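Participant: One structure coming up, written as structure tokens, with questions to follow.
The values are calculated or read from the model by the stated rules, or taken from the named source; none is laboratory data. Values in this document were obtained by computation on a predicted structure and should not be read as measured data. Cβ sites come from the backbone with ideal geometry, for glycine too, and all protein chains shown count toward neighbours. Areas reflect the complete protein model, heavy atoms only, side chains present, ligands, DNA and RNA absent. Shrake-Rupley method; radii C 1.70, N 1.55, O 1.52, S 1.80 Å.
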Amino acid sequence: SARPAALDILLDWQARTNVEDLPAICADLMAKARAAEDLETALNAARRVHRDESLRLALLLISGQLDGPQSGRAHASLADGVIAALLEAVQADFARRGRPFPQRVCVMGLGKLGGQELAGGSDLDLIMVYDAPGESGDGAARLTQALITALSVPTSEGPLYDIDMQIRPSGAKGPIAVRLSSFVHYYQQEAWTWELMALTRLRFIAGDEILARDVLHVAHGALARARDGAKQRQEILAMRAKMDQERPPHGDWDFKLAPGGLVDVEFAVQARLLLAARRTGMAARAHLADAIEDLQQGGFLAAGDAGVLLESWRRLTILRQIKRAAWPGHFEPARAPRPLLDRMAAALGDESFEVSARLHQQGAMAARALCLRLIAQEIESN
């Protein structure tokens with residue numbers, strides 16, 4: 001009702017029943033951003049594309065033509081295109097106004113964006129890195145703030161994304177844009193264990209590709225650096241316990257925070273990636289399923305353990321994606337309409353939602369125990 005133009009998508013969304021055309025759609029958005037006479041025109045164009053494609057992806061997911069992991073990659077591809085277009089639009093606006101800014105900048109994604117596991121309505125974890133020797137950094141900070149505003153401010157075409165820059169070096173206390181030399185120093189000398197874990201999901205999104213390769217090279221080197229294994233084990237387990245205390249789950253159906261949820265799977269995989277990196281120099285894979293398969297092939301996960309993690313990740317991802325597309329607020333099966341429960345069961349390949357609920361409970365218990373064991377083993381085997 002707020003966006004009547006969305007009716008067009010509802011009426012003809014089946015005309016395009018795949019996501020292979022997303023790159024072309026994002027390329028068209030890039031062209032529109034370059035041709036825009038002013039920044040506001042580019043902002044509105046990005047919001048129209050995002051609104052229409054997000055709705056289409058939700059319809060494909062709910063209809064069963066797109067599975068949970070595919071939906072995550074598609075939403076991330078859409079976000080990549082929007083970020084790239086608006087970065088160019090902001091840079092063009094700075095150039096028109098004669099405002100100085102560094103020419104070599106890159107936007108890096110972390111979290112679900114970095115891992116290409118984004119869902120509808122997810123926020124974006126970003127880091128802006130620049131390389132401008134001799135400059136004060138003020139131009140980079142202004143450019144970064146302008147990009148954040150472009151991605152987050154509501155316009156006449158509605159909202160876009162919520163942006164989280166807290167994972168950057170030194171968190172909220174650090175500069176909003178990170179100089180490459182500072183990025184190198186921080187992750188080689190000062191980064192906390194949880195920051196290294198987050199770094200395993202780092203992925204290039206937009207900007208200078210050569211600079212991004214330098215950033216990824218630094219990140220992989222930081223992950224491979226030798227550490228005190230016993231101390232790291234204590235830190236990772238303490239972090240997970242602190243999350244349980246400070247961010248309690250909203251019931252057993254909190255797919256992210258509940259015991260055996262996505263956070264547990266992520267902690268276990270990231271801990272193993274740290275081991276693999278410092279043992280063999282193996283580069284981290286941002287996508288969780290890809291990382292699990294790499295760890296198994298490299299001998300850092302037993303086949304049975306990898307199978308449990310992959311199945312847990314698959315089921316949680318499917319449930320989370322459908323919930324985010326179709327259900328506002330916290331998911332409670334007792335309050336959900338039967339067709340939604342049936343759709344979840346069908347997406348999981350279960351006979352009924354009652355079967356899904358039983359498998360969900362059993363899987364959560366098994367995943368929680370496995371993840372805590374893997375974290376402990378990851379450090380003790382150092």
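Participant: Can you tell which of Leu359, Leu372, Leu348, Leu341 is under 30 Å from Ala226 (Cα atoms) and either open to solvent by 70 Å² or more (accessible area, probe 1.4 Å) or touching a residue at least 12 places away in the same chain (Cβ under 8 Å) (or both)?
Facilitator: Going through Leu359, Leu372, Leu348, Leu341 in turn, the sole match is Leu372.
Participant: Counting only residues that are under 29 Å from Gly137 (Cβ atoms) and in contact with a Phe, Trp or Tyr (Cβ under 8 Å, 6 or more places away or on another chain), give me the helices (runs of 4 or more DSSP H) lying completely in the stretch 1-120 with at least 3 of them.
Facilitator: Passing ranges, in order: 68-97.
Participant: Let me ask you something else. Just need a number here: residues in the stretch 295-328 that are farther than 21 Å from Leu60 by Cα and either buried (at least 19 other Cβ atoms within 10 Å of the Cβ) or not acidic (Asp, Glu) (or both).
Facilitator: 17
Participant: Phe204 passes all but one of (1) within 22 Å of Ala306 (Cβ to Cβ); (2) open to solvent by 20 Å² or more (accessible area, probe 1.4 Å); which number fails?
Facilitator: Looking at each condition in turn, Phe204 falls short on (1).
Participant: Quick check on my filter: what residues within the stretch 135-156 are part of a loop (DSSP other than H, G, I, E, B) and among the aliphatic types (A, V, I, L, M)?
Facilitator: Across the stretch 135-156, the qualifying residue is only Val153.
Participant: Might you check whether a residue that is of a type in the set (Gly, Ala, Ser), buried (at least 17 other Cβ atoms within 10 Å of the Cβ), assigned to a helix (DSSP H, G or I) and within 20 Å of the chain's Cα centre (by Cα) occurs anywhere in the stretch 253-263?
Facilitator: No.
Participant: Next question, about the same structure. On the basis of being without any contact (Cβ under 8 Å) to a residue 24 or more places away in the chain and under 25 Å from the mean Cα position of the chain (by Cα), does Ile318 make the cut?
Facilitator: Judged against the criteria, Ile318 is not a match.
Participant: Among the residues that make up the stretch 264-272, is at least one of them at negative phi and out of contact with any helix residue (DSSP H, G or I) (no Cβ under 8 Å at 6 or more places or on another chain)?
Facilitator: No, there is no match, as no residue in the stretch 264-272 is at negative phi and out of contact with any helix residue (DSSP H, G or I) (no Cβ under 8 Å at 6 or more places or on another chain).
Participant: Additional query: Please identify the pairs in which a residue from the stretch 232-250 that is closer than 23 Å to Lys323 by Cβ has its Cβ atom under 7 Å from the Cβ atom of a residue that is open to solvent by less than 60 Å² (accessible area, probe 1.4 Å) and of a type outside the set (Gly, Ala, Ser), counting only partners at least 6 apart or on another chain.
Facilitator: Met243/Val263; Arg247/Leu257; Pro249/Leu257
Participant: Among the residues of the stretch 52-67, are any open to solvent by 60 Å² or more (accessible area, probe 1.4 Å) and among the basic types (Lys, Arg)?
Facilitator: Taking every residue of the stretch 52-67 in turn, none turns out to be open to solvent by 60 Å² or more (accessible area, probe 1.4 Å) and among the basic types (Lys, Arg).
Participant: From the set of residues in the stretch 102-133 that are in contact with a Lys or Arg (Cβ under 7 Å, 6 or more places away or on another chain) and over 22 Å from Leu22 (Cβ atoms), which is modelled with the lowest pLDDT?
Facilitator: Ala132
Participant: From the set of residues in the stretch 139-198 that are open to solvent by 20 Å² or more (accessible area, probe 1.4 Å) and touching a Phe, Trp or Tyr at 6+ places or on another chain (Cβ under 8 Å), which is nearest to Leu211 (Cα to Cα)?
Facilitator: This residue is Leu180.
Participant: Residues to consider are Ala277, Ala366; find the one that is in contact (Cβ under 8 Å) with a residue 40 or more places away in the chain and either under 24 Å from Leu110 (Cβ atoms) or open to solvent by less than 20 Å² (accessible area, probe 1.4 Å) (or both).
Facilitator: Ala277
Participant: Okay, moving on. Which count do you get for residues in the stretch 280-294 that are aliphatic (A, V, I, L, M), more than 16 Å from Ala198 (Cβ to Cβ) and open to solvent by 20 Å² or more (accessible area, probe 1.4 Å)?
Facilitator: 1
Participant: Could you tell me whether Leu86 is touching a residue at least 12 places away in the same chain (Cβ under 8 Å) and either more than 21 Å from Thr155 (Cβ to Cβ) or open to solvent by less than 30 Å² (accessible area, probe 1.4 Å) (or both)?
Facilitator: When the stated conditions are applied, Leu86 passes them.
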